[in-house]
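Taken together, the values in this text are just the output of simple stated rules run on the coordinates, not laboratory data. Everything numeric in this text was worked out from a predicted model, so none of it was measured. Here Cβ is always computed from backbone atoms with ideal geometry, including for glycine, and neighbour counts include all displayed protein chains.
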Amino acid sequence: MLRQLKIVLATLAALVVLDIAVALVLTKAPASLRSFFDYGRSTPGKLTQWQDQPGLNGNLLKVAWLPDGLDHARKAFEAEPPGTGPVIRNYGMSFTIQMVETATGMLPGLRSSGILGPGAPPNYVYAAFLDDRAHRRPGDVVLFGILSKNVPGLASFSNQVWAFEQPAPFTYPIFRPDTAGGLTRTDPVVASFGDFRDPAKSAAFDAQIRTQDMLWTPEAFALPALDASPFARLLRRAFANDAIDARETAVTAHPLDGPMPWAEVLIRMIREIDRITREDGQTPVIMLIQSQGTDTAPLMKMLGPTLKELGIAYIATEETAPPTDARAFLPDGHLTPAVNKILARQFLDMPAVAAAAH
Amino acid sequence: MFFTQLSFWGFFLPVLGLAVVLPRLFGPYSRSLMLLAASWLSYAFWDWRFLGLLIVSTAVVWAIALRIEDAEGAARKRWLWLSLVFSIGLLGVFKYLNFFVDSFIGLMAAIGMPVTDDWAVRLILPLGISFYTFQTVGYTIDVYRRTLPAERSFANVALFASFFPTLASGPIQRAGDLLAQIRAPRPILWDDIGRGAVLCLLGLIKKIVIADALAPQVAAIYGADPSVVGGADVIYATWLFAIQIYCDFSGYTDIARGVARMLGFDLKYNFLQPYFATSPQEFWRRWHISLSTWLRDYLYIPLGGSRGGSAAIDRNLMITMLLGGLWHGAAWNFVAWGGFQGAVQVIQRRLGLKGRKPGQPVAGGIVGKLRHIVTVALFFQVTCYGWLLFRATSFDQIAAFTAHIFTAPLRTAGLISAPPVPALCGILFLLLWDLCAETADDQRFYMRWPLAVRACLWAAMIYLLAFGATTATSVFIYAKF
């Protein structure tokens, strides 16, 4: 037993020495290697680090807050000269930006504006669409992007809860089906960057995500003091990602029942988008972005029938970029420029978009 | 509940605690009973409906083995056949019924007489059925051959069949090894815990850091349209798959052996640096040893083995390897893989090439060593072609990929991407580990090193595991066999 105890203690000592050595090496290491080890920093640790060092690469503290996005959209809308023709109102994320930018590259006359968030889940996009209603005109094309990988975010208030490696703290409401066939909106306590910096609101929001956010995991938030150790950061990254994946899988597995019936929620969103845009004389276009891999929400399967029933124009990326075809995706998971070109062509060929271009 | 999931370790640690404490309080047999309960519980955790099947099949095998022991002459043989028909029949129904139904439907469609499969019974494959069936079949044959006495205690046979570290993916245990240890349990020593922990650590590195990290690269190419990929893509993906499947399966085996060791059981080696083989015969002395020796003892030798004429030996080899391929899964590509393995062994035999034995020194000085390295590298390509057959999802893919390899070996469709850095570190570590084991001809080569060096090694391995541990949720490849 003494021999075993000796080897255990010696191994622990060696592990501590190795950890200190790695921490020292990382101070001089290339940024990419430092980032690799920093991905495992706790969520509070990352947020504090961004606050303390605003110039840090990858700082997402101020991005995509909804009030800022709405304000920006309002200003852009008010700056549009009289007689401005139809505009593409883009509500989505990087995928919709890339497609629209490709389309505007192919047809420079096309005008677009939008409210977009990095890794934005559909509830963010939907809230942006609802709250920005006053800043659209008849004839506009409303592009609404749904990214399959982010569908579990419907059960969350903020990317800081479930986007562990890049926990952008911007917030959004959670929508749940009500008995009247609509959606009930629950807003986060922290709605703006100003709120985020308010200690009282921040504390209240912390309590809100712990109790009401289905994707909240202790592994991502607990014991930020361990962030000093690269070894602990590596372990946290593995455990936090694993725990969040498990929660996302649990959401994805129940499209029509359970605490977050995501397909039902999306269907109701689509019906409401259809109703509002038609009332306002606009044309909705839904972009269903199927992420790479086979483990994300099957968008076309669940939403295709509703889109066809309502006669809504849509782009389903899986028809051009099957999720199992590695050639269609860049290493970071985005679609290749070639795929975006095909999607942009499909978009431009839609009659409402063609009309907007003229 | 797989070894890479925290839930397994949450289950295992209390079991280990009980395994240490119970024998001191209630005698050594209490540990066996507790382990049986734990094994059944873990199986029920996977799917409780199949626990009944496991218990019933074990009970039948146990009862018939007792009959075999008491019977003589023709009656003895009848009981053996009854046991074999029962065990292999169950395996056939659960593992191969869907396969034969699909093949029949495909055949009928091909000859212009399509049939619907509304009537077909679709069955789920019970976890570990191939492994526990082979164990119980081996036990029954051993009793028939009188190499072992029939076990009187049902609990002992049940633990032998369902011992949780080996239940899902082996290694396939012989009654002479494991049942003997169950009958005469020994106390768990601190040394067992230490050795077991090292095996578990090594296995987790192989599985999590290497195999799981390579899986997406392999899947990207094997999941792509075969008409688009280039020969270089196929070669690259197949090399990676060779590493992936080795790390996946030998990683599982290491953990199974480590867990068993901590519980006081010694399981034999299942892998001996297989990619250092220089011939098909040597490969099967190094790869999945528990299966290859099972097939040798219970299939190849009863078929006639190496006795008889050359054609008879070739036939025996082919039958053995074809059935060995089919054992892996109910799909024609596994049959093709088995056929390929049989064919290369037949070719080796026909060419009169003698296989090395693992650990046999390389003679001939530097020239001999260089020749040896070249032979290892060349034979690795042969092994990899076998893995292509194994990994492929259709014969069309096999045909297209084979054509790409030979007609456009340098062409790529841009599907090649480098494995993650932790996986590369893991592969380098494993290469060094296997080299040390091979050159020392000792799987525990590190025990010759001073304590301080070993402590540094374990610390580095723990760090490497943390470095590569991302989201280890994928299941073991061999769990579906």
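Overview of results
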| item | result |
| --- | --- |
| Tail beyond 29 Å, pair distance distribution of chain B (Cα, percent) | 54 |
| Likely footprinting exposure, A:LEU33, B:LEU432, A:LEU310, fewest C-beta neighbours within 10 Å first | B:LEU432, A:LEU33, A:LEU310 |
| q = 0.12, 0.13, 0.20, 0.21 Å⁻¹: log10 I(q)/I(0) that the Debye formula gives for the stretch B:196-272, counting C-alpha atoms only | -0.42, -0.47, -0.78, -0.82 |
| 10 Å Cβ neighbours from other chains, averaged over peptide A:232-241 | 4 |
| Long-range Cα-Cα pairs in the stretch A:10-51 (distance over 13 Å), rounded percent | 63 |
| Under 13 Å, Cβ to Cβ, from B:GLN5 - net charge with Lys/Arg +1 and Asp/Glu -1 | -2 |
| Reachable lysines, given that their alpha-carbon falls under 21 Å from the alpha-carbon of B:LYS207 and they are not under 8 places away in the same chain | B:LYS268, B:LYS480 |
| Bins of 5 Å from zero: percent of alpha-carbon pairs in the stretch A:212-273 | 4, 17, 19, 16, 13, 11, 8, 7, 4, 2 |
| Scattering profile of the stretch B:377-444 at q = 0.12, 0.14 Å⁻¹ [log10 I(q)/I(0), Debye over alpha-carbon scatterers] | -0.53, -0.69 |
| Residue exposure sequence - B:PHE3, A:PHE77, B:PHE12, B:PHE26 - by fewest surrounding Cβ within 10 Å | B:PHE26, A:PHE77, B:PHE12, B:PHE3 |
| Semi-axis lengths (Å, descending) of the ellipsoid that matches the C-alpha gyration tensor of the stretch B:24-101 | 28, 23, 6 |
| Long-range tail of P(r) for the stretch A:258-358 (Cα pairs > 23 Å, %) | 34 |
| Convex hull of chain A built on C-alpha atoms - directionally averaged projected area, nm² | 21.5 |
| 10 Å-binned pair-distance histogram of the stretch B:6-187 (Cα, whole percent) | 9, 32, 30, 18, 9, 3, 1 |
| For the stretch A:224-310, Kirkwood radius (reciprocal of mean inverse C-alpha pair distance, Å) | 15.8 |
| Cβ-based exposure ranking for B:ILE210, A:ILE270, B:ILE111, B:ILE427, in which fewest neighbours within 10 Å come first | B:ILE111, B:ILE427, A:ILE270, B:ILE210 |
| Sequence-distant lysines (8 or more away, or on other chains) whose Cα lies within less than 23 Å of A:LYS308 | A:LYS149 |
| Estimated [θ] at 222 nm from DSSP helical runs (n ≥ 4, -39500 (n - 2.57)) normalised by residues in chain A, nearest 500 | -15500 deg cm²/dmol |
| Projected area, mean over directions - the protein assembly as shown, Cα convex hull, nm² | 43.0 |
